[in-house]
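Below you'll find the structure, written out as structure tokens, and then a few comments.
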Amino acid sequence: MKHRLTLDYTLGEGELAPYLDGLRRGTATARQCRQCDRVTFPPERMCSCQTGNNRVATFDWKALDGKAEITHRTDGAGGAFALARFAGADNLAVCRIIDPTVRGNQARLHAADGDLPGLAIEILGEAIETAR
Amino acid sequence: MVLVAGTGMTAFNRRKDGSGFRDWAGAAFHESLESAQLCRDDIDALVVASESDFFSMQLNPASVLADDFGLTGVACQRVEGGGASGQLAVHAGAMMVLSGAARHVAVVGFEPSASYLSGAAVSELYGYSFDAWTDGMTGISATALYALSAKVFMARSNANQEDFAAISVQNRANACDNPTAHLPLEITLEEVVDSPMVFDPYRRLDCSPLSDGAAAIILTQPEDAPASRRGAARIAGIGAASDRVRLGDRGDPGFFAGKQAAARRAYAMAGIEKPETQIGLAEVYDAYSGAQLQAIEALGLSRDYLTEHRSGGFSPSGRLPVNQSGGLMGQGAPVGATGIAQVIACARQIEGTYHDGLQLKKLPRYAVADTHGGVATSCAVTVLVGAGN
Ligand SMILES: [Zn+2]
């Protein structure tokens, strides 16, 4: 039995809209906890400083300069991805590397494209010759 | 304690015979009922594990399977926690028995992960089993996320690619004596290391397969089981815990902290104080080769897991056999059935009725089964024990 299903979602961005707007423009919009100043990019919806109570954490949006340092990287047939720390952020971000042929640890945010609205970075370095 | 009165499972593989998940689930259920020496009328609750309606094209599968099994009128529910779905269903069934809500519970897991959709479609869907909004929308795959976690683990532990490859070799070799296994392979370390790169450090042979299949168990109090089954293995402890969903939000993205918390809860319930000496068999969630070492670490199964791994301590003849069934890499991984199959392997090993060639000569007193969804995000651990303990 053959069956085909096509789905076309419209996802409500809700309180993370400023973060996703920033990705579309290529600007790093982080969240800062008003209680403990922890900065997260990508943003958290709750801050760990509120673990011991029942209050909802409150945040401000904070612009980062978009520079990032790659801590770990993986390369494969489907591209390259990294764990990277954006300057000014206290957490790490999973990012798509837009040009896998470029090596280096320093990177900056790259504006997201329509099909992949998630975090993407370009590496600030030189392309290297590879066997692939 | 909760008795595992009956067990049943189909082969895990890619079906080419035109059969469907309802056929497999029915076969596993009826085998478990027969091995429990119970009748359909004895069953008063059905718990179904399945990861995704996208895979099966069937929402609310528990009601459909209850109908298929001739269990009209029983309480039925579906449990889902990504890769942990099967064991979370076992936990739900065990809680029903312990609370007195049900006397005989059938726990049935299935997944048509191989033959219904293309591998590319399944991989894309798996990308949404992490934080779909952030990590998922980068286009990252499960393999790449596991690879990043493995890289952090390797940097901290000094484990290397050969350590990982040795796990692939061992689990596939174990599967050669398992008639239900998807990937029984006699392969060498070199073949693993030379297999095509998927995401560094993981190569094709470091990855578990997408499988079709189903598994089922019948849970009850020992006194509610037929006399001939009262000596079966028991569930001594269950524990579950979650970790931060995004790797980047974890203190150590290479450490499975949620698994450690789940295990500690299961050990506490079972009265296990020293898992590194008391447990005699472990079936752990080796979605990728390195994840097996990460699991052994988090489950607290060894004082020095890397040295013990390198000296064969987790091999079939070692101090603590790990994934004697072949694990996900060898036996296969139809997601909803995976955790239930692990419990079956542990229960049959404890009873001494496991497959010839894989049955441990010294029956383990305690065995631990371990699963997770995400990259060890939702974790579920079950401790089984023999009747005499
Ligand atoms: Zn805070």
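Before moving on, here are some points about what is shown:
- A:Thr58 being more than 14 Å from chain B (Cβ to nearest Cβ), surrounded by fewer than 21 Cβ atoms within 10 Å (Cβ to Cβ) and β-branched (Val, Ile, Thr): yes
- If only residues of region A:65-105 that are closer than 19 Å to A:Thr40 by Cα and of a type in the set (S, T, N, Q) are counted, the one that is surrounded by the fewest Cβ atoms within 10 Å (Cβ to Cβ) is A:Thr71.
- Within region B:11-104, helices (runs of 4 or more DSSP H) holding 2 or more residues that are open to solvent by 10 Å² or more (accessible area, probe 1.4 Å), out of contact with any Asp or Glu (no Cβ under 8 Å at 6 or more places or on another chain) and not aromatic (Phe, Trp, Tyr): B:21-36, B:61-68, B:85-99
- Against the conditions (1) surrounded by fewer than 19 Cβ atoms within 10 Å (Cβ to Cβ); (2) in contact with a Leu (Cβ under 7 Å, 6 or more places away or on another chain); (3) free of Cβ contacts under 8 Å to residues at least 24 places away in the same chain, B:Glu186 satisfies every one except (2).
- In region B:35-60, the residues that are of a type in the set (Lys, Arg) form Cβ pairs under 9 Å with partners that are buried (at least 22 other Cβ atoms within 10 Å of the Cβ), at six or more places apart or across chains, as follows: B:Arg40/B:Leu33; B:Arg40/B:Phe69.
- Of all positions in region B:258-276, at least one carries a residue that is out of contact with any strand residue (DSSP E or B) (no Cβ under 9 Å at 6 or more places or on another chain), assigned to a loop (DSSP other than H, G, I, E, B) and more than 24 Å from B:Leu210 (Cβ to Cβ).
- Filter result for A:Thr74 (within 30 Å of B:Phe55 (Cα to Cα), more than 15 Å from the ligand (Cβ to nearest atom), in a strand (DSSP E or B) and of a type in the set (Ser, Thr, Tyr)): yes
- Filtered residue count, region A:45-55, keeping only those that are over 24 Å from A:Cys95 (Cβ atoms), open to solvent by 50 Å² or more (accessible area, probe 1.4 Å) and near the ligand (Cβ under 9 Å from one of its atoms): 1
- In region B:134-153, residue surrounded by the most Cβ atoms within 10 Å (Cβ to Cβ) [restricted to those that are more than 7 Å from chain A (Cβ to nearest Cβ) and over 15 Å from B:Ser123 (Cβ atoms)]: B:Ala150
- Whichever residue in region A:2-44 is touching a Leu at 6+ places or on another chain (Cβ under 8 Å) and within 10 Å of another protein chain (Cβ to nearest Cβ) and, among such residues, is nearest to the ligand (Cβ to nearest atom): A:Pro43
- Test result for B:Ala5, open to solvent by less than 10 Å² (accessible area, probe 1.4 Å), modelled with pLDDT of 95 or more and either part of a helix (DSSP H, G or I) or within 18 Å of B:Ala240 (Cα to Cα) (or both): no
- Test: residue in region A:57-65 that is assigned to a strand (DSSP E or B), more than 23 Å from A:Asn105 (Cα to Cα) and among the basic types (Lys, Arg): yes
- Residue that is nearest to B:Val105 (Cα to Cα) [pool: residues in region B:197-233 that are open to solvent by less than 30 Å² (accessible area, probe 1.4 Å) and charged (D, E, K, R)]: B:Asp212
- Screening B:Ala159 on (1) open to solvent by less than 20 Å² (accessible area, probe 1.4 Å); (2) within 14 Å of another protein chain (Cβ to nearest Cβ); (3) of a type in the set (A, V, I, L, M) shows it passes everything except condition (2).
- Enumeration of residues in region B:37-81 that are among the hydrophobic types (A, V, I, L, M, F, W, C) and touching a Cys at 6+ places or on another chain (Cβ under 9 Å): B:Ala45, B:Leu46, B:Val47, B:Val48, B:Ala62, B:Leu65, B:Ala66
- Being modelled with pLDDT of 95 or more, under 19 Å from B:Pro275 (Cα atoms), not β-branched (Val, Ile, Thr) and not in a strand (DSSP E or B) is a property that B:Leu363 has.
The values are calculated or read from the model by the stated rules, or taken from the named source; none is laboratory data. As the structure is a prediction and not an experimental result, all values here were calculated from the model. Methodologically, a virtual Cβ is constructed for each residue, glycine included, from the backbone with ideal geometry; neighbour enumeration extends over all protein chains shown. Quick note on the areas: whole protein, heavy atoms, side chains included, nothing else; ligands and nucleic acids left out. Shrake-Rupley method; radii C 1.70, N 1.55, O 1.52, S 1.80 Å.
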